[in-house]
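A short worksheet on the structure shown next.
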Amino acid sequence: MVHESGGSLTRVELAELLDVTRTTAAALVSDLSALNLILEHDADPTGRRGRPTTNISPHPEGPVVLAAEVANDRITVAEVAIGGQLKNRKDVKLESGDPAEAVDQLDQVLHERRANLASNCAGIGVAMHGLVDDDSGLVVQAPNLGWENVPLGRRLRQSHRLPVKVDNDATLGALVEAKRGAGRLARTMLYLRSTVGIGGGLVFDGTPAPSRRGWHGEFGHLPFGDTRHRCRCGAHGCWENAINQLALAAAAGIEADPVEANAAADDVLNRAKAGDAEANNAVARICGILGRGLGSLINALDPEVIVLSGHVQRLYETDPATTVDALMSASMRAHRQSLPPVRSGVVEHPALAGAAEAILTDLIDSPTRLLAPN
């Protein structure tokens, strides 16, 4: 509860959240404080009479998880403790496109960060922009990196002798938004995230939906686009090619290559917000395709809430009315009286935060593993 609240709670609030007596809550706080996992301290004065309230928050010297995100041009690494706050985030340029050399660089970056940690490292979480076998941490395919069947999880476990979790960046973003973000308290959450491609996840009670190999959530490769267009995945008509940054730029009459795609899309969105008619028409066209796809996903999955992140979040925020109108027109009539709300993601750097969350979710269940993960 302290972790998922992201801040401080009182003993009374903990007792109510856990549905236990105040005596039991006090005993739990005492035990976890003795392990340096949480810290009890005086709350800010309220000016009221009576015994002052104490707050419980993550211990500042408690264990941390190293989180890394591997994108097509960089490695980003940060430290995350109980409470979920990212600290000391740093970008490192990816020096080589060769998978073996890139893995060596990632391993070195993690070792250097561990050497400078003041606290115990409880594990390593890695977010990959690609398909990952979520049991082994094998990177099956990362098209923008040119990786195929790279045993990243095995390499990091052997090198660090710590719990390691490697997973898809959108799957991890879904996990953290469900646990501590815009989908918190929702029983089922549909998550859509777009960076270079478009992925997502379906989360039940804070846990990503199980699948055969962990490849669930590749919503960008549903055939909601033009079937004449071949996708980098090998299929035709993929949704992501109809709504991604390049599609938005093209709708506004801008020719851009993949390197320029983000800047071109940002320019169109900024011009639309400033009232530019051509940019607004381009945004409306792409939001219509986004909304129709979301409506189809509602028909198939019936989520309680939809959370958007990245490029699709910015599209929706620029023209929510067109997105929702298209969503409604694509939904079955029975859904239209009570459509799930569409929300913007609230977690900063969701892939990094989710990589840490994947480790902390397992380790918080067993505090002794947090104290001595080796």
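The values are calculated or read from the model by the stated rules, or taken from the named source; none is laboratory data. Small disclaimer: the values here were computed from a predicted structure and weren't measured. Quick reminder, even Gly has a Cβ in these numbers, built from the backbone with ideal geometry, and neighbours come from all protein chains shown.
Please go through the stretch 22-49 and give me each residue that is polar (S, T, N, Q), at pLDDT below 90 and touching a helix residue (DSSP H, G or I) at 6+ places or on another chain (Cβ under 9 Å), ordered by number.
The answer is 36, and nothing else.
Just to be sure I understand the filter: pairs with C-beta atoms under 7 Å, separated by 6 or more residues or on different chains, first member in the stretch 235-247 and free of Cβ contacts under 8 Å to residues at least 60 places away in the same chain, second member among the aromatic types (Phe, Trp, Tyr). Which pairs pass?
Correct list of pairs: 239/219; 239/224; 242/224.
Going through the stretch 239-295 one residue at a time, which ones are of a type in the set (Val, Ile, Thr), surrounded by fewer than 22 Cβ atoms within 10 Å (Cβ to Cβ) and assigned to a helix (DSSP H, G or I)?
Selection gives 259, 289.
Would you confirm whether any residue within the stretch 171-181 is charged (D, E, K, R) and more than 12 Å from the chain's Cα centre (by Cα)?
no
Among the residues of the stretch 145-173, which ones are basic (Lys, Arg), on the phi < 0 side of the Ramachandran plot and touching a residue at least 24 places away in the same chain (Cβ under 8 Å)?
Those that are basic (Lys, Arg), on the phi < 0 side of the Ramachandran plot and touching a residue at least 24 places away in the same chain (Cβ under 8 Å): 155, 165.
Identify, from the list 166, 203, the residue that is more than 22 Å from residue 287 (Cα to Cα) and not assigned by TED's automatic domain parsing to the domain that holds residue 360.
Exactly one residue qualifies, and that residue is 203.
Kindly indicate the residue of the stretch 202-224 that is buried (at least 17 other Cβ atoms within 10 Å of the Cβ), farther than 15 Å from residue 301 by Cα and modelled with pLDDT of 90 or more and also nearest to the chain's Cα centre (by Cα) among those meeting that condition.
Filtering the stretch 202-224 for residues that are buried (at least 17 other Cβ atoms within 10 Å of the Cβ), farther than 15 Å from residue 301 by Cα and modelled with pLDDT of 90 or more, the one nearest to the chain's Cα centre (by Cα) comes out as 220.
Name the residue, out of 106, 131, 117, that is crowded, with 17+ Cβ neighbours inside 10 Å, assigned by TED's automatic domain parsing to the domain that holds residue 160 and at pLDDT below 95.
Answer to the selection: 131.
Picking from 228, 232, 184, 212, which residue would you name as being basic (Lys, Arg) and within 26 Å of residue 339 (Cα to Cα)?
Within the list 228, 232, 184, 212, the selection yields 184.
Hey, does the stretch 304-321 have a residue that's farther than 22 Å from residue 266 by Cβ, among the β-branched types (Val, Ile, Thr) and not assigned by TED's automatic domain parsing to the domain that holds residue 246?
No, there is no match, as no residue in the stretch 304-321 is farther than 22 Å from residue 266 by Cβ, among the β-branched types (Val, Ile, Thr) and not assigned by TED's automatic domain parsing to the domain that holds residue 246.
Just one of the numbered conditions (1) at pLDDT 85 or above; (2) within 33 Å of the chain's Cα centre (by Cα) is not true of residue 7; which one?
Among (1) at pLDDT 85 or above; (2) within 33 Å of the chain's Cα centre (by Cα), the lone unmet condition for residue 7 is (1).
How many residues, within the stretch 76-97, are over 17 Å from the mean Cα position of the chain (by Cα), in a strand (DSSP E or B) and surrounded by fewer than 15 Cβ atoms within 10 Å (Cβ to Cβ)?
4
Let me confirm something: among 361, 318, 368, which residue is modelled with pLDDT of 95 or more and of a type in the set (S, T, N, Q)?
Every option except 318 fails the conditions.
How many of the residues making up the stretch 343-362 are surrounded by fewer than 20 Cβ atoms within 10 Å (Cβ to Cβ) and either acidic (Asp, Glu) or in contact with a helix residue (DSSP H, G or I) (Cβ under 8 Å, 6 or more places away or on another chain) (or both)?
5
What number of residues within the stretch 142-191 are surrounded by fewer than 17 Cβ atoms within 10 Å (Cβ to Cβ) and in a strand (DSSP E or B)?
Residues flagged as surrounded by fewer than 17 Cβ atoms within 10 Å (Cβ to Cβ) and in a strand (DSSP E or B) within the stretch 142-191 amount to 2.
How many residues, within the stretch 166-201, are closer than 21 Å to residue 135 by Cα, small (Gly, Ala, Ser) and touching a helix residue (DSSP H, G or I) at 6+ places or on another chain (Cβ under 6 Å)?
4
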